[in-house]
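Undergrad: To start, I am sharing the structure in question, which I have written as structure tokens.
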Amino acid sequence: MNPVITPSTEGAAKPLRPLGELTLRRVAIDTYKENVAYLHRDCDVYRAEGFQALSKVEVRANGKRILATLNVTSDPRIVQCHELGLSIDAFAQIGVDPGYPATISQAEPPVSIAALHRKINGERLGRADFLAIVRDIAGHRYSKIELSAFVVATNRGELDREEVFFLTEAMIASGRRLDWHERLVIDKHCIGGIPGNRTTMLVVPIVAAHGMVCPKTSSRAITSPAGTADTMEVLANVELPFERLCDIVRDHRACLAWGGTADLSPADDVLISVERPLSLDSPGQMVASILSKKVAAGSSHLVLDIPIGPSAKVRSMPEAQKLRRLFEYVAQRLGLSLDVVITDGRQPIGRGIGPVLEARDVMRVLQNHPLAPQDLRQKSLRLAGRLLECDPDIRGGDGYAIARDILDSGRALEKMRDIMQAQGAKPFDPERPELGALTFDVTAERDGVVTGIDNFQIARIAQLAGAPKVQGAGVDLLRKLGESVKAGEVLYRVHASFPADLDFARQASGRDTAIRVGEAGQVPSVFVEF
């Protein structure tokens, strides 16, 4: 099935007077979601127009126009006086060959800059303000400094629930909106913060094997050692043309791909590029980010996982209920059917933390392997069961048993293999995964039981070991909460591919192992709604 795509609409900026032509040059620098242009300091255009470094400029070539941040160099190896350099993303957007003639001019300030200043001052913004701001963000009219100001302002002065709705609505309008011509289009999402929580890669083949449509476009890791797209990339290609993804969904009822090629809520991708280094993830921005992507993708029903635990994003039941109400309010205004589930976030899910280790866990669950992590299996079955109960032909409470039958029978594994094959399967053996060859073990210092696992610290150790960029890097957990351990026994093993990464991870684990060993009565209680 091919979806109907509603294109984004955006008013064109007033054309500016073109300057002298320069020759385009592709500068092989990844500037991560920011268009950057490069001029030589002795370039006639630079000197004549009084450009300043980090100012916004407009580049035109072959009838196309992009906005970029200007960098100035004195090194002719980067760009020569007659050339205009563009970073990797910017060059791809302009869509011409190297050497093509182009012009550069001063860019007009974003029309929404006054609204941004009002938000910085703590004022409440309306629908038109958010539409203008998000349109300028999606159009790359904001510099990284201005983007950071917006992210910090909406984090510091928490958005009220109507502002969150306006922001979500504006983010949907900034890109495509899909219509799959299906009564039920389902999705599952977790707010994050729990390492190894790869339930999506199990839920999708289960519900697709039942016949439900689940076009799953996932993100890469923002602050974690692996996102769904990072782990799926171990098994198959995830960066596929949008038209190919539509074909896969039509043929197999589902996909598991990176969402960057779909142009769904593109302003969100730009904002994430700032939120990641700032480690900010406010409730309002989280709700807008998640729900805008789901609605734009054409989802009609969503099961949302909110883990709760001492080192999760959400640490108390009152906080979880407050976040749930905000999600439900915005989803109801958008016409999205939402089922929020509060789950156990006291520790990582599964054993592996890092792309290859998490792929191993997923495949073992699908294969009903005796070493499959049972917590990952059980949580995935319960989430899949909730989604299956969106089907009016399934009686409430029966979803779990149906999901378990699909998994136990091998139908979920068969569906996953079909999806992998359609996306370009890669060789992978869960019994002999290609892990980083450099390792060290972290051992218990005393006898007792595991009473605590710090999600943030264990994820940090996996990241320092190289995950997710190094697929085989990460942490292999050998003990979980409540399990007995003796002094000197291994708690977890760290894998890395480079000596420096191994040393960074070793130093971090030396400062804080992330695992506490104590008495059985010290294991924290769990509050879940399954």
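Just so you know, all these numbers are worked out from the coordinates, no wet-lab data involved. These numbers were taken from a predicted model, which means no experiment stands behind them. Note: ideal-geometry Cβ built from the backbone for every residue, glycine included; neighbour counts use all protein chains shown.
Undergrad: Can you give me the C-alpha center-to-center distance between region 166-239 and region 248-305, rounded to a whole angstrom?
TA: 7 Å
Undergrad: Something else: Please name whichever of Ala425, Ala401, Pro468 sits farthest to the positive end of the charge dipole of region 384-530, dipole taken about the Cα centre and charges placed at Cβ: Lys and Arg +1, Asp and Glu -1.
TA: Comparing the listed Cα positions along the dipole, Pro468 ranks first.
Undergrad: In debye, nearest 20: dipole of region 438-522 around its Cα centre with unit charges on the Cβ of K, R (+) and D, E (-)? It would help to have the intermediate numbers written out before the result.
TA: Working: 10 positive and 11 negative charges, 31 e Å.
Computed about the Cα centre, the dipole is about 140 debye.
Undergrad: Let me have the relative contact order for region 438-522, percent, based on Cα pairs under 8 Å that are six or more residues apart.
TA: Numbers: 183 pairs, mean separation 40.4, N = 85.
It comes to 48 percent, rounded to a whole number.
Undergrad: Moving on to the next point. Provide Lys144, Lys426 in ascending order of the number of other Cβ atoms located within 10 Å of each residue's Cβ, fewest first.
TA: With the fewest neighbours first, Lys144, Lys426 line up as Lys426, Lys144.
Undergrad: Hey, another quick one. Could you give P(r) for region 306-433, binned at 5 Å from zero, as whole percent values over all Cα-Cα pairs?
TA: All Cα pairs considered, the percentages come to 2, 9, 14, 17, 19, 17, 14, 7, 2, 0.
Undergrad: Over its Cα atoms, what ratio of radius of gyration to 2.2 N^0.38 Å does region 113-173 give? Before the final figure, lay out the partial values.
TA: Working: Rg = 10.4 Å, N = 61, 2.2 N^0.38 = 10.5 Å.
So the Cα radius of gyration is 0.99 times the expected 2.2 N^0.38 Å.
Undergrad: Please arrange Ile458, Ile66 by counting, for each residue, the other beta carbons lying within 10 Å of its beta carbon, fewest first.
TA: Ile66, Ile458
Undergrad: What does the charge count near Gly193 come to, summing +1 for each Lys or Arg and -1 for each Asp or Glu among other residues with Cβ under 12 Å from its Cβ?
TA: In short, 0.
Undergrad: So if I restrict to the alpha-carbon atoms in the chain, what is the Rg, and what is Dmax, the biggest pairwise distance, in Å?
TA: Expressed in Å, the Cα Rg and Dmax of the chain come to 24.4, 75.
Undergrad: Treating the beta-carbon of each Lys and Arg as +1 and of each Asp and Glu as -1, no other charges, what is the dipole magnitude of the chain about its Cα centre, to the nearest 20 debye? Walk me through the intermediate numbers first.
TA: Values: 65 positive and 67 negative charges, 72 e Å.
Value, rounded to 20: 340 debye.
Undergrad: Using 22 Å as the Cα-Cα cut-off, could you pick out the over-long pairs in Lys294/Lys480; Lys33/Lys322; Lys33/Lys56?
TA: Numbers: Lys294/Lys480 33 Å; Lys33/Lys322 32 Å; Lys33/Lys56 15 Å.
Beyond 22 Å between Cα atoms: Lys294/Lys480; Lys33/Lys322.
Undergrad: Ok, one more. Among Ala229, Phe440, Ala114, which residue has its Cα positioned farthest towards the positive end of the charge dipole of the chain, with +1 placed on the Cβ of Lys and Arg, -1 on the Cβ of Asp and Glu, and the dipole taken about the Cα centre?
TA: Sorting the options by dipole projection puts first Ala114.
Undergrad: If I take R0 = 51 Å and measure r between the Cβ atoms of Arg161 and Arg41 in this structure, what FRET efficiency does the formula 1/(1 + (r/R0)^6) give, to the nearest 0.05? Kindly include the intermediate steps, with their values, before the conclusion.
TA: Numbers: r = 50 Å, r/R0 = 0.97.
The value I calculate is 0.55.
Undergrad: Now for a separate question. List residues of region 20-43, by number, whose backbone nitrogen lies under 16 Å from a label position 7 Å along Cα→C-beta of Asn62.
TA: Flagged as within label range: 22-27.
Undergrad: Another question, if that's okay. At 7 Å along Cα-to-Cβ for each site, give me the label-to-label distance between Arg118 and Ser316 in nm.
TA: That separation, rounded to one decimal, is 3.4 nm.
Undergrad: Ok, one more. Could you run the Debye sum over the Cα atoms of region 396-518, one equal point scatterer each and no solvent, and tell me log10 of I(q)/I(0) at q = 0.14, 0.16, 0.18 Å⁻¹, two decimals?
TA: Per q value, in the given order, log10 I(q)/I(0) is -0.78, -0.88, -0.95.
Undergrad: Let me ask something else about it. At q = 0.18 Å⁻¹, what log₁₀ I(q)/I(0) does region 353-418 have when each alpha carbon counts as one equal point scatterer in the Debye sum?
TA: -0.67
Undergrad: Find how many whole Å separate the alpha carbon centroid of region 332-399 from the alpha carbon centroid of region 81-105.
TA: 46 Å
Undergrad: May I pose another question? Using only Cα atoms, figure out Rg for region 245-311 and give it as a multiple of 2.2 N^0.38 Å.
TA: 1.31
Undergrad: Charges at C-beta only: +1 for Lys and Arg, -1 for Asp and Glu. How large is the resulting dipole of region 180-309 about its Cα centre, in Debye rounded to 20? All intermediate terms of the calculation are to be shown ahead of the outcome.
TA: Values: 11 positive and 14 negative charges, 64 e Å.
Taking the Cα centre of region 180-309 as origin, the dipole is about 300 debye.
Undergrad: Can you pull a Stokes-Einstein diffusion coefficient for region 22-106 at 20 °C (1.002 mPa s), Rh from Kirkwood over Cα pairs, as a whole number of µm²/s? Walk me through the numbers on the way to the answer.
TA: Details: Rh = 12.3 Å.
Answer, rounded: 174 µm²/s.
Undergrad: Between Thr23 and Val111, how many nm apart are label points set 7 Å from Cα along the C-beta direction?
TA: In this crude label model, Thr23 to Val111 measures out at 3.8 nm.
Undergrad: Given an 8 Å cut-off on Cα distances and at least 6 residues of separation, report the relative contact order of region 38-100 as a percent. Mind showing how you got there, number by number?
TA: Working: 82 pairs, mean separation 25.8, N = 63.
41 percent.
Undergrad: With each pseudo-label sitting 7 Å past Cα toward Cβ, what's the Thr439-Asp512 distance in nm, one decimal?
TA: Using points 7 Å along Cα→Cβ, the separation is 2.6 nm.
Undergrad: To continue, here is another question. Kirkwood Rh over alpha-carbon pairs of region 197-250, then Stokes-Einstein at 4 °C and 1.567 mPa s: what D in µm² s⁻¹, rounded to an integer? Mind dumping the intermediate values first?
TA: Values: Rh = 12.1 Å.
Roughly 107 µm²/s, to the nearest whole number.
Undergrad: Taking Cα pairs under 8 Å and at least six residues apart, what relative contact order does the chain come out at, in percent? Could you put the intermediate results ahead of the total?
TA: Working: 1140 pairs, mean separation 76.9, N = 530.
The value is 15 percent.
Undergrad: Right, here's the next one. Counting other beta carbons within 10 Å of each Cβ, put Thr513, Thr23, Thr228 in order, fewest first. Mind dumping the intermediate values first?
TA: Numbers: Thr513 20, Thr23 15, Thr228 28.
Ranked by crowding around the Cβ, least crowded first: Thr23, Thr513, Thr228.
Undergrad: Against the empirical 2.2 N^0.38 Å scaling, what ratio does the C-alpha Rg of region 146-256 come to?
TA: Output field value: 1.26.
Undergrad: Projecting each Cα onto the charge dipole of region 32-106 (Lys/Arg +1, Asp/Glu -1 at the beta carbon, about the Cα centre), which of Tyr32, Asn71, Gly99 comes out farthest on the positive side?
TA: Tyr32
Undergrad: In nm, what is the difference between 0.36 nm times the number of residues separating Asp251 and Ile222 and their Cα-Cα distance?
TA: Numbers: separation 29, 0.36 × 29 = 10.44 nm, distance 3.06 nm.
Here the answer is 7.4 nm.
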